Amino acid sequence: MENKKLDTRTITDLKEEKNGSHYHLYCLSCGKEYPDTSFRLNCDNIHEPAFLRPLYSETRLKPDRTLPGIFQFSNWLPVGESLTGDGKSITYKSEKLASMLGLENLFISFNGYWPERDAFMNTCTFKELEAFPVISRLLKSHKSNLVVASAGNTARAFANVCSQNSIPLYLVVPEFGIDELWLTTEPNEHVKLIVVKGDYTDAIMLADRLASESGFTAEGGAKNVARRDGMGTTVLDAALFMGEVPDHYFQAIGSGTGAIAAWESNLKLVQNGQFGDENKRMKLHLAQNIPFTPISQIWRSRSKNFPSLNDKVARQQIEKIYAKVLSNRKPPYSVKGGLYDSLTDTNGLMYEVSNAEALEAEAIFEKLEGIDIVPAASVAVAALIQAVEQNRLDCSDTILLNVTGGGEKRLKKDVSLRYLQPSIVIDNPDIDLDFVIGVLGV
Ligand SMILES: *Cc1c(COP(=O)(O)O)cnc(C)c1O
């Protein structure tokens, strides 16, 4: 794989000459506006929890095809410099799966590695769409020592981007996620792996503590506008390909950040009628993996308050799910601009998919479409099959299926992978941080 270097072209430089910046942030609760200079994650005012959202001076989608990968959408990303990297979503129209399901307009957003279709997301999931803009935003804000907690795919995406660009990174990963930490590039000394013996939530808790130490920067998860708008480029790419905002959107969710991002892209795309009238909403069809389906259960009751889950029960459920990345226990559900609002505004639906259904869907997809997909993507395909069986779709509806990861098997045939080695393994998430920082030699 070619070595990626920092690209010297900067989009903000061009825009800043004209009007200061190509975007600013505003709070979805109180409307307070902020220039984006300090990697801000929250509003300063005291009110209900609420997301910030970027407002771009460009109201039409105008990709710049001369820029690399996802940076083609820089007009609508809260970023500075482009990083070199070919990773972006590709959209194509399905034939075989569509015909099996009796659908005339099934489009697939493929996020992974599939050279025959010009898909070069080398970490093989749409988490790469977060990593590039988050790192670019970090550099623009003159911050460093990013701390990222992940069940695996996010960690791999950040590890690759930071290795390629020699950017300091602290990855906190639950033990089950370490096999996922392969690189298509040389591991870089600035990228440190902290393994926690526990689940995703334990990793998040340790990462939160580390990030609050001085000199470290929290990535922020769903609160990070770069993460959301990066993931939302799946829908931008699809809209350009389809010429419209689709009627339906299918995705498997753990936190639901990708789904929130898809909805936010919908809002941007229709703001001046470029891709349909301003009331056009793409219905969200979101899926979880049985037996861990807390978002589905709370949405069924249409309650806005996400319950605090019983620790022991949640752990046992998460052990049983096939798509381990769909295991977030504290999703951004109730926060203003979060999952509850996304599902409400789009009249969305939740699906519950068993391991057996996911495995069957995975085999069907690989056979018909000709590429392997990751477990979470299989859950989304299974949800689409359920929707067809339950007559929730008209055969002529335009449907976007987000295949959030794929081509791992294909990549492993083409490229020899390297594995990131732990810098420290932690048994007890309450461990003394000075000790950890000492071991890491920060
Ligand atoms: C993280 C992840 C998801 C779930 O994404 P959300 O953040 O919950 O929207 C789905 N598929 C894959 C492959 C993932 O890595």
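The values are calculated or read from the model by the stated rules, or taken from the named source; none is laboratory data. The shown structure was predicted, so the numbers you read here are calculated from the model rather than taken from an experiment. Note that we place each Cβ from the backbone using ideal geometry, even for glycine, and neighbour counts take in every protein chain shown. The protein model used for the area step is the full one, side chains on, heavy atoms only, and it has no ligands, DNA or RNA in it. Shrake-Rupley method; radii C 1.70, N 1.55, O 1.52, S 1.80 Å.
Where strands (runs of 3 or more DSSP E) fall entirely within region 104-201, those with at least 2 residues that are under 30 Å from Ile399 (Cβ atoms) are at 105-114. Only one of the listed residues (Leu106, Leu138, Leu97, Leu183) is within 22 Å of Lys324 (Cβ to Cβ) and in contact (Cβ under 8 Å) with a residue 60 or more places away in the chain. That residue is Leu183.
Any chance region 420-436 includes a residue that's in contact with a helix residue (DSSP H, G or I) (Cβ under 8 Å, 6 or more places away or on another chain), open to solvent by 10 Å² or more (accessible area, probe 1.4 Å), within 30 Å of Ile90 (Cα to Cα) and not in a helix (DSSP H, G or I)? Yes: one or more hits. Within region 235-258, the set of residues being over 19 Å from the mean Cα position of the chain (by Cα) and either within 16 Å of the ligand (Cβ to nearest atom) or in a helix (DSSP H, G or I) (or both) comprises Leu240, Phe241, Met242.
Number of residues in region 405-419 that are assigned to a loop (DSSP other than H, G, I, E, B), small (Gly, Ala, Ser) and open to solvent by less than 60 Å² (accessible area, probe 1.4 Å): the value is 1. In region 312-346, the residue that is nearest to the ligand (Cβ to nearest atom) out of those that are basic (Lys, Arg) and surrounded by fewer than 20 Cβ atoms within 10 Å (Cβ to Cβ) is Lys330. Taking region 168-190, which residues are open to solvent by less than 10 Å² (accessible area, probe 1.4 Å) and hydrophobic (A, V, I, L, M, F, W, C)? The answer is Leu169, Leu171, Val172, Val173, Leu181, Trp182, Leu183. Remark: Asn402 falls outside the filter, which requires a residue to be at pLDDT 95 or above and in a loop (DSSP other than H, G, I, E, B).
In region 50-70, what residues are open to solvent by less than 40 Å² (accessible area, probe 1.4 Å) and among the acidic types (Asp, Glu)? The one that is open to solvent by less than 40 Å² (accessible area, probe 1.4 Å) and among the acidic types (Asp, Glu): Glu58.
Can you give me the number of residues within region 71-103 that are among the aromatic types (Phe, Trp, Tyr) and assigned to a strand (DSSP E or B)?
Going through region 71-103 one residue at a time, the tally reaches 1.
You will find that of Leu284, Leu267, the residue that is surrounded by fewer than 20 Cβ atoms within 10 Å (Cβ to Cβ) and closer than 30 Å to Ala155 by Cβ is Leu267 and no other. Can we say Phe176 is modelled with pLDDT of 95 or more, under 21 Å from the mean Cα position of the chain (by Cα) and not aliphatic (A, V, I, L, M)? For Phe176, the condition - modelled with pLDDT of 95 or more, under 21 Å from the mean Cα position of the chain (by Cα) and not aliphatic (A, V, I, L, M) - is not met.
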